[in-house]
Amino acid sequence: MTRRLQADASGIAEAAAILLAGGLVAFPTETVYGLGALATDSAAIARVFAAKGRPAHNPLILHVANKALAARFARFDARAERLAAAFWPGPLTLVLPLIRDAGIAPAATAGLDTVAVRVPRHPTALRLLEAVDGPVAAPSANRSGQVSPTTAAHVLADLDGLIDLVLDAGSVEVGIESTVLDLGRPDTGRILRPGGLTRDAIEAVIGRLDVSSGASSEPLRSPGLLARHYAPKTPLRLDAVSVAKDEALLAFGPQPLEGAGWMLNLSPKGDLAEAAHNLYAMLRALDTEGARRIAVMKLPEGGLGEALADRLKRAATA
Ligand code: AMP
Ligand code: MG
């Protein structure tokens, strides 16, 4: 049995003690719930991979309370300094050169010479990380490949019995994962995974980013990016312009398609932030309806639309 505690002062103190003793604690961040383990503890990190069923080649994001803690194990160049100053705490993960002798468990970075790090802005996450006073690896608290959790109930649906504790602070704000930006070499600046911070916001601080060429000459920079991910069990059909009675509709905007057997609207007012907040909970809900398929209406492209399109594409991949 996994314990569930309110994210108040005593819950957070208990969670910190469990983490420091090598246990696994799921906790809310502003993006999704993370599955935390002390990043300097190889045995704890091994348990994270086991609980999630996550392939060993998929490195974890390390979460810290502030930039100074991050600078103990990650090398910041001028761009990284500017981005951290502008967007931390917040939904931006930086992939930076790893400082080798800093004590990070090799499995946490999948043996790479880079490390992914961020400072989350959820108050519970910040207080927990302050209490731990060290790096906490925290991938999304779901079984690998499944839909990410935005509530404590989602976490328990996937991981009950496999982890020690979940801290419950209700539903999270952003609803999709952080943007992962590769600054691992001086000449790169590339989004590996679009997410809760938009490309425009990043470019406003450090200028134009590289656009991935798709060329395969270069070794895979983000080994964990799977074509199929974030996926419900019911098949998805994207960019629907009509819908059948045995389908569930994931709608967007003030004019949802008519005729679906079930329908949820990501944002009746057509707001992408609201859609991101609702995406995973609505996919989970529609997944239990017994529909033949989930039809998804087309979403606008700019801003958070990039991350939403990425998640829906992976969710729809067979
Ligand atoms: P998750 O924690 O499940 O939200 O996923 C973390 C994402 O960050 C995955 O897509 C990883 O491949 C990516 N990532 C973590 N560390 C690195 C790294 N050192 N280099 C490239 N990508 C990374
Ligand atoms: Mg994940």
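Summary of values
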read-out: Gly305 small (Gly, Ala, Ser), touching a residue at least 12 places away in the same chain (Cβ under 8 Å) and more than 21 Å from Glu30 (Cα to Cα); value: no
read-out: Filter pass, Ala56 being more than 24 Å from Gly175 (Cα to Cα), in contact with a helix residue (DSSP H, G or I) (Cβ under 8 Å, 6 or more places away or on another chain) and surrounded by fewer than 19 Cβ atoms within 10 Å (Cβ to Cβ); value: yes
read-out: Subset of the range 269-308 (residues that are among the hydroxyl-bearing types (Ser, Thr, Tyr) and part of a helix (DSSP H, G or I)); value: Tyr280
read-out: First in the range 129-142 and within 16 Å of Ala105 (Cα to Cα), second anywhere and in a helix (DSSP H, G or I) and within 12 Å of ligand 1 (Cβ to nearest atom), Cβ under 8 Å, 6 or more apart; value: Ala137/Val48; Ala137/Ala108; Pro139/Val48; Pro139/Lys52
read-out: Residues of the range 136-155 classified as more than 16 Å from Ile18 (Cβ to Cβ) and more than 16 Å from ligand 2 (Cβ to nearest atom), total; value: 1
read-out: All positions within the range 151-168 that are under 17 Å from the mean Cα position of the chain (by Cα) and either part of a loop (DSSP other than H, G, I, E, B) or basic (Lys, Arg) (or both); value: Thr151
read-out: Every residue from the range 9-27 that is part of a helix (DSSP H, G or I) and either closer than 11 Å to Leu38 by Cα or of a type outside the set (D, E, K, R) (or both); value: Ala9, Ser10, Gly11, Ile12, Ala13, Ala15, Ala16, Ala17, Ile18, Leu19, Leu20
read-out: Subset of the range 6-26 (residues that are of a type in the set (Gly, Ala, Ser), within 22 Å of Val119 (Cβ to Cβ) and touching a strand residue (DSSP E or B) at 6+ places or on another chain (Cβ under 7 Å)); value: Ala7, Gly11, Ala15, Ala26
read-out: Failed item, numbered, when Gly189 is tested on (1) at pLDDT 95 or above; (2) more than 13 Å from ligand 1 (Cβ to nearest atom); (3) under 30 Å from Ala78 (Cα atoms); value: (1)
read-out: Any hit, the range 245-265, residues being more than 23 Å from Leu304 (Cβ to Cβ), surrounded by fewer than 16 Cβ atoms within 10 Å (Cβ to Cβ) and either at pLDDT below 95 or in contact with a helix residue (DSSP H, G or I) (Cβ under 8 Å, 6 or more places away or on another chain) (or both); value: no
read-out: Residue among Thr29, Thr2, Thr40 that is polar (S, T, N, Q), under 25 Å from Thr114 (Cα atoms) and surrounded by fewer than 24 Cβ atoms within 10 Å (Cβ to Cβ); value: Thr40
read-out: Residue among Asp77, Asp133 that is more than 16 Å from ligand 2 (Cβ to nearest atom), at positive phi and of a type in the set (Asp, Glu); value: Asp133
read-out: Pair list, Cβ < 7 Å and 6+ apart or interchain, from the range 63-76 residues that are aromatic (Phe, Trp, Tyr) to residues that are surrounded by fewer than 18 Cβ atoms within 10 Å (Cβ to Cβ) and part of a helix (DSSP H, G or I); value: Phe73/Ala102
read-out: Single residue of the range 88-106 satisfying the filter (within 15 Å of ligand 1 (Cβ to nearest atom) and closer than 23 Å to Ala17 by Cβ) that is surrounded by the most Cβ atoms within 10 Å (Cβ to Cβ); value: Ile104
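The values are calculated or read from the model by the stated rules, or taken from the named source; none is laboratory data. Given the structure is predicted, the values throughout are model-derived calculations rather than measurements. For neighbour counting, all protein chains shown are included, and Cβ atoms are generated from backbone atoms with ideal geometry for every residue, glycine included.
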